[in-house]
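Below is one structure, written out as structure tokens, with a few remarks after it.
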Amino acid sequence: MTIEAGTCFHCAAEIPAGIDVVEQRADATLRFCCHGCRGAYLLITGAGLDSFYRSRKWEDPAPPVSFSDRFEDPFLARFVHATPEGNAMDIIIDGIRCASCVWLNEKIIERLPGVLQARVNYATGRARVLFDPARITPAAIFSRIAEIGYRPRPYTATEAKRGADAEKRDLLIRFGTAFFLTMQLMAYSFALYAGYFQGIGSNMKLYLQLFSFAVTTPVIFYSGWPFLRGAWRGVVNGAPNMELLIAVGAISSYAYSIYATFAGGEVYFETAAMIVTLILAGRLLENAAKREAASGVEALLGLATGEARRLAGEQLETVDLALLVPGDLVLVAPGERFPTDGTVVAGSSDADESLATGEPAPVEKHPGATIIAGSTNLTGTLRVRCEKGAADSFVARVARLVEDAQSRRAPVQGLADRVAARFVPAVLLIALLTFAGYLVTGARFESALMTALAVVVIACPCALGLATPTAVLAGTGAAARFGVIFRGADVLERLSRVTVAIFDKTGTLTRGTPEVAQVLPVQILTEDELLALAAAVEGGSLHPVGKAICAHALRSGLPFAVAEPTTALPGSGVTGVVGGQAVAAGSYRYLSQLSVAGLPDEEELPIQGTAVLVAVANVYAGTIILKDQVRQDAPALVSYLAGQGIATALLSGDRTVTVRETAAHLGIETARGALSPADKRAEVERLRQEGAVVLAVGDGINDAPALSAADVGCAVAGGTDIAVESSELILVKPDLERLARAHRLARRTMTVVRQNLAWALVYNLVGIPLAMTGRLTPIYAAAAMTLSSLCVVGNSLRLGRR
Amino acid sequence: MDGSLIFLMVLSLVLGAACWIWFLWGVKRGEFDDIERPKHRMLDDDDENDENGGRGSGT
């Protein structure tokens, strides 16, 4: 049977050579990569939901799933809570990648008998399912989600998360209230503006001012409460902040306007209300971006929850992970995650430990080998003796590192805050001096107070307050359009000041999967012949190395027939019959165990990469070297950073030799290998202590502590969710060129912020003396304030162009 | 003239307040919790054939 390249209709993954799972449809033959995918397809089309395949927008294949995880009701029952409408359960659905996934999950779950409602939140990937406990169990819901190829896990809101949700709603209500009232207020204000120019009855003017007063009061004291509180805290701590500036601006124009309402004159209620409303809007948008940041630890701990199959004597029992104690024996099947750190007692297999070490090639596991919690068992069933409880396992330790780093991150004082710290006291001082000066020169108390207040009002930090939020908003908006997400204003600022960039190797600067780098046949064979032989025996393999060889052969257009493997030793190699001859492919150890003739010395093999040796009829035929290739755009990024005067370093969990080679190839100055997640974090902290502003770029769980410890953590998407959630800068696609663009944008944004602040200060420099002399008539003050704000907003909007 | 104007201003305030209460109700019900999904929801095209699509539920 000759096979051809193709991708799975359901999960879009490349179909491994030799796999022939098809589904006949009236108009076409659909091909799948495994029976699980075919099952999912049948389930989806059977439910009449096949429009999923037309509407989904996937650019990359779905990550592999097992389709048949076991779910136990007693375990899941703990996460169910009763509500008036029925029993509810929150489920995190891993693998949601587009709106169609959300739609598919909602429909599939809702069509289960007994499910009352299913709502999936696209932003968080979380489902809330309402169901009738008499008709369906949580395990049945979980199984159905797994059957269509997503990974469900129960969700429990932590106290912190619930607090953050409440805060978000609180902010939204404050903003909504301010917004509605300010709209009302503007109607009255326009009537007053018209009245100023055309004349207005004094009664009418008073009514309008009283109504303005009525609607402004809640805006200041309810919506503006967070600022008032923050300002008070600033005063108490002796550190004038941005909030103090906002509070002074709002309160002074509010107080002045009340005075003017009763004493006669023009009011500035709209200024007071506008400051509060606009700044609240900025906060709301910023919070939306920051919301997910805290969930990284949660996702990480999600890896450490679930069940394990424990051997009690020879009896298998399913237990909650948390109940495992050192010394327990557990059985781990292929495709499962290891529940806790331990030692292999029986069986052999490969383990994907990339999450801990960053090394993409699977590691052979034989009795006596150590196991890392959270890594995945690939090829054979293993018996593992637990060495640690789940609470002390590798993932739990990494989770603690991340949590620790996040809580220790010092709050950064933004540029606007630094300006405010000097500006506010200066304005207050000038106002006080004005007041005192007028009194001393014999002015009436009332006019002295009015002039002093006019100084505060003209110095009202509208432009100053808007300088940063508008620029950041425009900057982050522009970044989002080219696929970079900033979580918060401070990230832009810190990115623009970065002095050291540290990179993870695997999956960040390299592709993260092995690829054929070199084919070294013995003299009687050509490269293609050797590759075809290896591809034939490895054809049925699900091992990443086997897959890479087959993929390379297919790409090179080599015809090869897939041999039936006669023997396969998990983690070592495989033997099959090709053209009547026994062909073996595998590690050096595997071939020497088969006593293959003509094997080279082990030392002669290149140290770099993974070597697959091939033997035909028990005679050595050549070696194929697989390597993790460097991404095409990596050299350009490194040279860009060097051009900007930013030092670069490569920190990896991989072997030091490999790391050095990659660093040298890319022109990275420093390279260190064999680092644990804690080592990486320590290195980041050391650099920070030396005064560097550190940008850390990574994609794996093992990078998460470093990402959260750095000034700017940047996650490359396509990596793990945990890395994404531990960082503040996210590249939506694994395209490093975007990082350079993001850096340029950050610098431009900070330039605009500085221009805005400078403008606001210049405006004040002109306005304050005018106000001090008492020459500034109210309407011109209002016009100048508006003009200044418009300038700032307009300048910021330039960032969104091009 | 003053009386009718004040009446209109109060009326607009009442209308505004009604919208505001509606908004509060929406926030409390969680209408603003997911701002991504609704814009895609209108593109789901299967709602009109739910009757025939709902029957089969598995393989």
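Throughout, read-outs are computed from the coordinates displayed, never taken from laboratory work. None of the values given here were measured: they were computed from a predicted structure. Because the Cβ atoms are built from the backbone with ideal geometry, glycine has one as well, and the counts that use them run over all protein chains shown.
Would you mind computing, in nm to one decimal, how far apart the modelled labels at A:Thr83 and A:Leu316 are, each placed 7 Å from Cα along Cα→Cβ?
In this crude spin-label approximation the distance works out to 3.6 nm.
Need one number: nm distance between label points at B:Val27 and A:Met186, each 7 Å from Cα along Cα→Cβ, rounded to one decimal.
1.9
In the structure shown, do any of A:Lys168/A:Lys505; A:Lys107/A:Lys733; A:Lys107/A:Lys388; A:Lys627/A:Lys680; A:Lys365/A:Lys627; A:Lys388/A:Lys627 have a Cα-Cα gap over 32 Å, and if so which? Write out the running numbers ahead of the final one.
Values: A:Lys168/A:Lys505 37 Å; A:Lys107/A:Lys733 29 Å; A:Lys107/A:Lys388 41 Å; A:Lys627/A:Lys680 23 Å; A:Lys365/A:Lys627 21 Å; A:Lys388/A:Lys627 34 Å.
With Cα atoms farther than 32 Å apart: A:Lys168/A:Lys505; A:Lys107/A:Lys388; A:Lys388/A:Lys627.
For an R0 of 60 angstrom, estimate the FRET efficiency from the Cβ-Cβ distance between A:Ala784 and A:Cys98 and round to the nearest 0.05.
0.75
Would you mind calculating the gained length between A:Phe221 and A:Arg135 on full extension (0.36 nm times residue separation, minus the Cα-Cα distance), in nm to one decimal?
25.9 nm
Would you mind getting me the FRET efficiency between A:Val577 and A:Gln117? Use the beta-carbon distance for r and R0 = 56 Å, nearest 0.05.
The value I calculate is 0.50.
Work out from phi, with θ = phi - 60° and the Karplus expression 6.51 cos²θ - 1.76 cosθ + 1.60, the ³J(HN,Hα) of each residue of the range A:678-691, listed in order in whole Hz, and give x for Gly and Pro.
5, 4, 4, 5, 4, 5, 4, 5, 4, 4, 5, 5, 6, x
List the residues, sorted by chain then number, that are 5 or more residues from A:Thr510 or on another chain and whose placed amide H is less than 5 Å from its amide H.
Residues meeting the amide H criterion: A:Arg631.
Go ahead and run the numbers for FRET between A:Arg444 and A:Phe482, Cβ-Cβ distance against an R0 of 51 Å, rounding to 0.05.
After rounding to 0.05, the efficiency reads 0.25.
Under the 0.36 nm per residue contour assumption, what length would be gained going from the current alpha-carbon distance of A:Ala436 and A:Leu761 to full extension?
114.6 nm
For the peptides A:85-95, A:518-528, what is the packing order when you average, over each peptide's residues, the other Cβ atoms within 10 Å and list the highest mean first?
Descending packing order for the listed peptides: A:85-95, A:518-528.
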